[in-house]
Amino acid sequence: MKFIINKFQIVNVLAKVQGLTGRRSNLAITENILIRAVSDGIHLTATDLETGFEGFYPASVEKEGAVAVSSKKLFEITREFPSEDILIHEVENRWIEIGNEKVVYHIVGTNPDDFPETPHITEVDFFSIDASILEKMIERSIIISAAGDEKRAHINGVFVERIHDGVNQLRFVSTDGSRLNEVHHDYGSSEDIPAGEGVLVPKKGLNEVAKFLDIEGEVQIGIKESNFIVKKEKETIIIRMLEGDFPKYEDILSKGEDHIIILDKIKFGKMLKRMSILATDNYKGAIFTFAENKLVVTATNPDYGESTEETEMVFSGKAIEAAFNPKFFTDILSVIDEEKVIINIVDGSRPCIVEGNTDKSFVGVIMPMRI
């Protein structure tokens, strides 16, 4: 194997796959990236056994071949390489020479036959979505992360649905048991998306997808058998879906008409940040009191003390007192791109619903705490 490639063709790709190759798996070889040189370029393949990536990049190939090399070291060498063109040459016994006439690295390679095979899925019914929209949907879903030792599929995954109820809609729903986010994209009446049951896609895999999404252009999404596929022109990511059921969530999203409160996002966010200063892992909650034209937030931590802040708002009727984790509100505000947010609350025992003032494609639901 011998080829010359421009470093800027692959350095960003190598940076993005570090999340895959840096993740521990049952096979040590997944720390490597597989390089396959063909007549007009190279194929790069990376996997953590749950999410697989493959991309094609133009190169001047003198000799075809394949080898697996350390993904981290190849990235570091490429990133720091002093010239644009890099010669990559398998010399003997899978030793790889990387360099030019002035700089040369010799790094050990691995048998490409030992590298896990990427699923080759055919007859996939793809549908399109703007890359920027998909990136935003993923961002709004995975802000609800799972604990490192979490085993429940519905918390480790995002529930992906294709809705055909008057309007064609792609919907992502995620939860950790204490909160829930729903984000969707509506398709035009002339745009069709294939039918199918809802599926659970690992949040870790969707996080890797987001790294490869551009601001402009479209991507293709396909769901086939146990795989969730995102495809660009020359890059494909295949995620093995999770097995399990997602809890019924539709009733949680139903909004009451009792209290609809409009708040300035920035002011509310700064208030929440101040009221989180005394929070620790053992004392995360704060008391939110919705009273006559004001909101009072009180945080108490026996180890440090107490904080209270009041802000004006339009509110009438019987006062409502509920305990919430301020961080959950902060997370929701971070993915709402509007000056005003709407809080929908019925009483202190039911979920609180937060959304943008005009953008209704995203809803965050926060469950009250017991303090």
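The values are calculated or read from the model by the stated rules, or taken from the named source; none is laboratory data. Since the structure is predicted, the reported quantities are computational estimates derived from the model, not experimental observations. No Cβ is skipped: glycine too gets one built from the backbone with ideal geometry, and neighbour counts run over all protein chains shown. For the accessible areas, the whole protein counts, side chains as well, though only heavy atoms, and no ligand, DNA or RNA atoms are used. Shrake-Rupley method; radii C 1.70, N 1.55, O 1.52, S 1.80 Å.
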| task | Just name the residue that is farthest from S71 (Cα to Cα) out of those in region 117-136 that are in contact with a helix residue (DSSP H, G or I) (Cβ under 9 Å, 6 or more places away or on another chain) and open to solvent by less than 30 Å² (accessible area, probe 1.4 Å). | result | I129
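Scanning region 258-267 for residues that are in contact with a Leu (Cβ under 8 Å, 6 or more places away or on another chain) and assigned to a strand (DSSP E or B), which turns out farthest from M367 (Cα to Cα)? Full working, then the answer.
Here is the first cut: in region 258-267, the residues in contact with a Leu (Cβ under 8 Å, 6 or more places away or on another chain) are 261, 263, 265.
Okay, now just the ones that are also assigned to a strand (DSSP E or B), so 261, 263.
On the way: I261: 17, L263: 19 Å.
Going through the qualifying residues, I end up with L263.
Tell me the residue from R23, R79 that is open to solvent by 50 Å² or more (accessible area, probe 1.4 Å), outside any helix (DSSP H, G or I) and among the basic types (K, R), please. Write out each step before concluding.
Values: R79 fails: outside any helix (DSSP H, G or I).
Going through R23, R79 in turn, just one is open to solvent by 50 Å² or more (accessible area, probe 1.4 Å), outside any helix (DSSP H, G or I) and among the basic types (K, R): R23.
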| note | For region 162-173, pairs from a residue that is more than 15 Å from P194 (Cβ to Cβ) and touching a residue at least 24 places away in the same chain (Cβ under 8 Å) to a residue that is among the small types (G, A, S) and surrounded by fewer than 16 Cβ atoms within 10 Å (Cβ to Cβ), with Cβ under 9 Å and 6 or more apart or across chains, are V173/G198
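Could you pull out the residue among I266, I277, I287, I345 that is among the aliphatic types (A, V, I, L, M) and open to solvent by less than 40 Å² (accessible area, probe 1.4 Å)?
I345
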| When residues of region 194-216 are filtered for being more than 16 Å from the chain's Cα centre (by Cα), open to solvent by 50 Å² or more (accessible area, probe 1.4 Å) and in contact (Cβ under 8 Å) with a residue 40 or more places away in the chain, how many remain? | 1
| field | Conditions (1) surrounded by fewer than 17 Cβ atoms within 10 Å (Cβ to Cβ); (2) out of contact with any Asp or Glu (no Cβ under 7 Å at 6 or more places or on another chain); (3) within 19 Å of D264 (Cβ to Cβ): number failed by L333 | value | (1)
| task | Kindly indicate whether any position in region 38-50 is over 28 Å from N207 (Cα atoms), in contact (Cβ under 8 Å) with a residue 12 or more places away in the chain and open to solvent by less than 60 Å² (accessible area, probe 1.4 Å). | result | yes
| query | Restricting to region 137-161, what's the tally of residues that are open to solvent by less than 20 Å² (accessible area, probe 1.4 Å), more than 14 Å from V199 (Cα to Cα) and not basic (K, R)? | reply | 4
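Is it the case, given these coordinates, that T300 is among the polar types (S, T, N, Q), open to solvent by 30 Å² or more (accessible area, probe 1.4 Å) and free of Cβ contacts under 8 Å to residues at least 24 places away in the same chain? Working first, answer last.
Values: among the polar types (S, T, N, Q): yes; open to solvent by 30 Å² or more (accessible area, probe 1.4 Å): yes; free of Cβ contacts under 8 Å to residues at least 24 places away in the same chain: yes.
Yes; evaluated as a whole, the condition is true for this residue.
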| request: Being in a helix (DSSP H, G or I) and among the hydroxyl-bearing types (S, T, Y) is the filter; apply it to region 95-144 and report the residue that is nearest to the chain's Cα centre (by Cα). | output: S141
| field | Pairs where the first residue, in region 350-371, is touching a residue at least 12 places away in the same chain (Cβ under 8 Å) and open to solvent by 10 Å² or more (accessible area, probe 1.4 Å) and the second is part of a strand (DSSP E or B) and among the basic types (K, R), C-beta under 6 Å, 6+ apart | value | N357/K340
| said: Can you go through V17, V61 and tell me which one is hydrophobic (A, V, I, L, M, F, W, C), open to solvent by less than 20 Å² (accessible area, probe 1.4 Å), on the phi < 0 side of the Ramachandran plot and in contact (Cβ under 8 Å) with a residue 24 or more places away in the chain? | reply: V17
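Regarding G55, is this residue under 24 Å from V230 (Cβ atoms) and in contact with a Lys or Arg (Cβ under 7 Å, 6 or more places away or on another chain)?
Criteria met by G55.
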